[in-house]
Amino acid sequence: MEWGEVNVANFRESNTSQPCHRFLLCYHPLMPHGERIAEFLLSIGAVKLSPSKPFTWVSGIKSPIYCDNRMIYSHPDARDFIVNALASRVKTLHVEPDVIAGTATAAIGWAALVADRLGLPFVYVRAQAKEHGAKKRIEGDLKPEKHVVVIEDLISTGGSSVSTVSALREEGKATVSDIVSIFTYEFLSSLDHAQIERIALHPLSSISTLLKVALREGRVSEEEATMVEKFIEEPTEWGKNI
């Protein structure tokens with residue numbers, strides 16, 4: 001896939017690249033980053049396929065596939081490659097950030113590593129406010145009116161990402177326009193959330209790329225790949241047929 005952004009309306013119909021528009025889902029070029037990251041995920045066993053006994057996500061969605069990016073932390077070569085890729089993507093954004101933020105808990109490490117690589121301040125955002133102390137969601141020293149880039153490990157429905165952005169904008173009085181992630185499941189709901197919240201999503205790799213690499217390496221069958229594709233098309237309905 002070439003450099004480009006996806007127009008939300010046209011994405012629904014054809015899933016093909018369209019001319020750039022602000023606040024739409026942005027794709028980083030998937031070569032070499034996208035395919036190389038997919039290769040890492042597959043080789044270290046971070047991706048698991050279980051159609052007969054689906055995984056249940058925090059959102060309640062039943063899925064035939066599970067991607068655990070936290071496993072990458074334990075593999076220095078993969079970790080270093082991904083941190084460099086995330087940092088490189090942040091450097092190419094339309095506005096230079098003042099602060100890097102991570103979503104708790106899975107992306108805290110990635111955001112901290114990227115902030116360190118770029119020499120920028122780091123904060124993280126809790127899923128919910130603490131019930132004690134200052135009862136805040138943002139941890140760290142975030143001054144008002146800063147431009148913040150959010151780092152995510154993966155994007156599924158986009159709900160947690162939107163929640164993080166809302167906390168940074170409301171509690172932190174920050175400007176947030178971009179989320180850079182390692183991986184996306186390419187759900188249409190993430191596009192909807194991005195458009196509503198006026199956020200550009202920048203995934204380094206995607207489920208489509210992972211399936212392509214997995215098929216090429218003989219890690220999944222055509223039938224299994226088709227099943228995952230059907231899940232991506234209708235994630236909330238797929239599990240009802242199991």
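The values are calculated or read from the model by the stated rules, or taken from the named source; none is laboratory data. Since this is a predicted model, take the numbers as computed values, not measurements. Cβ sites come from the backbone with ideal geometry, for glycine too, and all protein chains shown count toward neighbours. Side chains included, ligands, DNA and RNA excluded: accessible areas come from the protein's heavy atoms. Shrake-Rupley method; radii C 1.70, N 1.55, O 1.52, S 1.80 Å.
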* Asked: How many residues are open to solvent by less than 10 Å² (accessible area, probe 1.4 Å), in contact with a strand residue (DSSP E or B) (Cβ under 7 Å, 6 or more places away or on another chain) and not in a strand (DSSP E or B) if we restrict to the stretch 140-173?
  -> 6
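Can you name the residue in the stretch 54-82 that is assigned to a helix (DSSP H, G or I) and within 15 Å of the chain's Cα centre (by Cα) and, of all such residues, is nearest to G34 (Cα to Cα)?
Filtering first and then ranking leaves I82.
Residues A85, A38, A112: which one is open to solvent by less than 50 Å² (accessible area, probe 1.4 Å), modelled with pLDDT of 90 or more and either over 20 Å from Y185 (Cα atoms) or in a loop (DSSP other than H, G, I, E, B) (or both)?
Result: A112 is the single residue among A85, A38, A112 that is open to solvent by less than 50 Å² (accessible area, probe 1.4 Å), modelled with pLDDT of 90 or more and either over 20 Å from Y185 (Cα atoms) or in a loop (DSSP other than H, G, I, E, B) (or both).
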* Of the residues that sit in the stretch 174-199 and are assigned to a strand (DSSP E or B) and open to solvent by less than 10 Å² (accessible area, probe 1.4 Å), which one is nearest to R137 (Cα to Cα)? -> V176
* Asked: With (1) at pLDDT 95 or above; (2) part of a loop (DSSP other than H, G, I, E, B) as the list, and V123 as the residue in question, which single condition is left unmet?
  -> (2)
* In the list H193, H132, H202, H147, which residue meets the criterion of being out of contact with any Gly (no Cβ under 6 Å at 6 or more places or on another chain) and more than 23 Å from A85 (Cα to Cα)? -> H132
* Would a scan of the stretch 214-224 turn up a residue that is surrounded by fewer than 18 Cβ atoms within 10 Å (Cβ to Cβ), in a helix (DSSP H, G or I) and either of a type in the set (V, I, T) or touching a helix residue (DSSP H, G or I) at 6+ places or on another chain (Cβ under 8 Å) (or both)? -> yes
* Determine whether L215 is under 19 Å from the mean Cα position of the chain (by Cα) and either at pLDDT 95 or above or of a type in the set (A, V, I, L, M, F, W, C) (or both). => no
